[in-house]
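Each reported figure results from applying straightforward, stated rules to the coordinates on display, with no laboratory input. What you see is a predicted model; the values in this text were computed from it and never measured. Here Cβ is always computed from backbone atoms with ideal geometry, including for glycine, and neighbour counts include all displayed protein chains.
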Amino acid sequence: MNSVFRIYTFFALTLLLVTLAFGLLATWAFLYPEAYNRFLPFYQLRPFHVSAALFWIISGAVAGVWFYKKEEFPKIRVSELLANTFMITWMLTILSIFGCYAFKIFGGREYWEFPPILCLPLLTAWILLMVAYYIPWYKSSRPKPLYVWMWSTGIFFFFITFIEQNLWQIPWFRYSFLREVTVQWKSNGSMVGAWNQMIYGTALFLMVKISGDASIAKSPKAFFFYFLGLSNLMFNWGHHIYNVPTAQWIRDVAYIISMTEFLFLISIIQGFKSKLDEQRKFKHLITYRFLIAAEFWVFMNLLLALGMSIPAVNRYTHGTHITVAHAMGTTIGINTMILLGSFTYMLGIDNKTEYSKRVINVFYWISQYSLGIFWVTLIVAGIIKGYRTTVLQMDNFNEIMKPVFQAINILSYAGIGLIIGLGTISIIYLKEIIKKKQRILEYNNNIN
Amino acid sequence: MARIIWILLLLTFITSSWLIYTRCDEKNISGIPDEHVKQGWKVWQEKNCQGCHQIYGLGGYMGPDLTNVASQKDKGPIYMKVFIQHGTGRMPDFHLNDSDVNDLILYLAWIDKSGKSRVPASAVEWTGSLDIKN
Ligand code: HEM
């Protein structure tokens, strides 16, 4: 495994640590602005936190795809070279972005709050990655299992949505504010779908490896849910902007498509018993534990998301911390868990001593319980704000927020739990990346 | 078979994107932004006001939603000016010059004309959908 990839995986995992640290700082700045406004105001910490989270997820997703695709595609030299150039450009641009934030140089949109010129190197890097990925993909004559479809879909749609996300720079898109908001959230919403394709693809790949059952990546049912996911990627983003007075059909299409996610829910409930059997078989594997945690959080977040996707309910939840619960519940509970599972597998953690695994297990459970409290507190904060704003029709912002602060206070303690849990696991994994030097990430761990 | 479904979905995606770009706001009741509004928009982004404030409920959650602050009763331009020019204990003072402050107010007033952020109960339909007109 080449050293650029090693540095890249190290970088990606470090972004998770950065996310955690800035998340906690942002929470304190939210609670005690008088103390933070002079040196580290919330409006500076939030971009650090949110962009680090975003880049952790995308970088981690690419790390997985790039590592596992070796099994599927022929090795092509030029493709390796391009991928290395992608990784270096990508990392340097992210560092420049943090440099801008450090000097309070902003200029973009929510989640992408850096000067838009930096989108150019990001886009260039991504195009290199696409070439590096699609050449061997095209040359491979083997039948492509579903996870390859998912990786390819994710990489392609990230490209599309990234461009769409930048359309605001063409004046015509800003002639109407409603168009501008609509296009922004169309692209943001679909982009989440794009990285989910990459990450769920990796989860499926790992399940195939763990169970040794390749048929799960070929079954018609799996393909059915892939297409359902793809339709949701394309058409369900409208739930972000139900309250925006755009054309009525945009709301209705999003509502109908979002409701198809009930099928995911039903499928999870149906599969519950077989999951229990599966769990008995594989629970000694840390990789599997992260995957099963992600499944649990899929279920919980799906319940919340389905609720929020009903426009009449969204009227109460929109613009409250319930949205944040949804955002962090999914980015931490689903994406981060699968990515940590993927790192566990790449680093061969399952082959380590029982003792090391037990240590990881302890921090794993600290993470899960902290996230549980974290998530519930955000929902409670959201319900309070929604009730006071929409039911009581209160107008005074400071009055509305008073009880919300109490909830956010509890959140900060759960945040410390998350830092201890996820942070320690990340540090253990970072050490593994350093320790393994040459041998690292050799693709030979037979984890059964 | 899977390939055909994929291509059909992609074509639908392209068509729907086109329709959304061109048809999502046919009336454009707030009109095309003038130079002041554009400048206000720029300052809004450069100072990262959206890090703390929401427009149509979207943004950071530390401060209030500003979609309709320009036309809310007891609020409006002078009220906004006080906040933007000096900040508060919770909102930082950005030391903006007069012209940037005015442009920010014009930008927010332009947004205000595009519609209401809060959806009235009367807009809820029996299907659970919302019927919003601006
Ligand atoms: C110590 C743990 C963490 C704390 C205390 C924390 C805290 C916060 C805070 C205060 C916000 C801003 C909410 C607002 O605008 O009022 C936020 C937003 C966000 N965080 Fe975290 N966070 C943590 C961990 C994470 C992790 C690990 C991820 C994902 C990898 C993540 C992803 C996000 C995202 C995507 C948002 C944007 C939500 C939105 O406004 O839609 N956070 N977080």
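Take the Cα coordinates of segment A:71-212, assign each an equal point scatterer, and use the Debye formula without solvent to give log10 I(q)/I(0) at q = 0.12 Å⁻¹. Listed by q, the Debye log ratios stand at -0.60.
Residue ranges A:335-344, A:311-320, A:75-84 sort as A:335-344, A:311-320, A:75-84 when ordered by packing (mean number of other C-beta atoms within 10 Å per residue, highest first). Counting, for every residue in B:26-36, the Cβ atoms of other protein chains within 10 Å of its Cβ and taking the mean gives 3. Diffusion coefficient of segment B:32-123 by Stokes-Einstein, Kirkwood radius over Cα pairs, 10 °C, 1.306 mPa s: 118 µm²/s.
For a modelled paramagnetic label at A:I428, 7 Å from Cα along Cα-to-Cβ, the residues of segment A:349-369 in reach, with backbone nitrogen under 12 Å, are A:349-367. For the pair A:Q169 and A:I135, a Förster radius of 45 Å applied to the C-beta separation gives a FRET efficiency near 0.90, rounded to the nearest 0.05. Note on A:34-45: average number of Cβ atoms from other chains within 10 Å of each residue's Cβ is 4. Restricting the trypsin sites (Lys or Arg not before Pro) of segment B:69-106 to loop positions (DSSP other than H, G, I, E, B) with no more than 11 neighbouring Cβ atoms within 10 Å leaves B:K73. Shape class of the protein assembly as shown from the alpha-carbon gyration tensor: prolate, with a/c at 1.5 or above and a/b greater than b/c.
Rounded to the nearest 0.05, the FRET efficiency derived from the C-beta distance between A:Q248 and A:F227 at R0 = 25 Å is 0.40. Qualifying trypsin sites (Lys or Arg not before Pro) in segment A:204-301, where qualification requires a DSSP coil assignment and no more than 16 other C-beta atoms within 10 Å, comprise A:K218, A:K283.
For the segment A:275-287, counting C-beta atoms of other chains within 10 Å of every residue's C-beta and taking the mean gives 0.
May I ask you to derive the FRET efficiency for A:F296 and A:V391 from their Cβ-Cβ distance with R0 = 41 Å, giving the value to the nearest 0.05? Efficiency, from the Cβ-Cβ distance: 0.85.
Debye calculation, C-alpha points only, no solvent: report log10 I(q)/I(0) for segment A:1-63 at q = 0.17, 0.24 Å⁻¹, in the same order as the q values. Summing over Cα pairs of segment A:1-63 leads to -0.59, -0.86. Note on segment A:253-391: semi-axes of the ellipsoid equivalent to its C-alpha gyration tensor, largest first and rounded to whole Å, are 32, 18, 11. Taking other C-beta atoms within 10 Å as the exposure proxy, B:S71, A:S190, A:S215 rank A:S215, B:S71, A:S190 from fewest upward. State whether segment A:315-442 is rounded, prolate or oblate according to the following rule on the C-alpha gyration tensor (a ≥ b ≥ c being the square roots of its eigenvalues): a/c under 1.5 gives rounded; otherwise a/b larger than b/c gives prolate, and the remaining case gives oblate. Cα axes put segment A:315-442 in the prolate bin. Along the Cα-to-C-beta direction of A:V78, a point sits 7 Å from the Cα; which residues of segment A:120-134 have their amide N less than 13 Å from that point? Of the residues in segment A:120-134, A:131-134 have backbone N under 13 Å from the label point off A:V78. Out of segment A:99-204, which trypsin sites (Lys or Arg not before Pro) are coil in DSSP terms and have no more than 16 other C-beta atoms within 10 Å? Those that pass, being in a loop and sparsely packed, are A:K104.
Enumerate the lysines that A:K275 could reach by cross-link, defined here as Cα to Cα under 20 Å, with residues fewer than 8 away along the same chain left out. Once the sequence-local lysines are set aside, what remains near A:K275 is A:K209, A:K218, A:K221, A:K283. Using the rule -39500 (n - 2.57) for each DSSP H run of four or more residues, divided by the residues of chain A, the 222 nm mean residue ellipticity is -24500 deg cm²/dmol. Would you work out if segment A:179-234 is rounded, prolate or oblate? Take a ≥ b ≥ c from the square roots of the eigenvalues of the alpha-carbon gyration tensor; rounded if a/c is under 1.5, else prolate when a/b is larger than b/c, oblate otherwise. Oblate.
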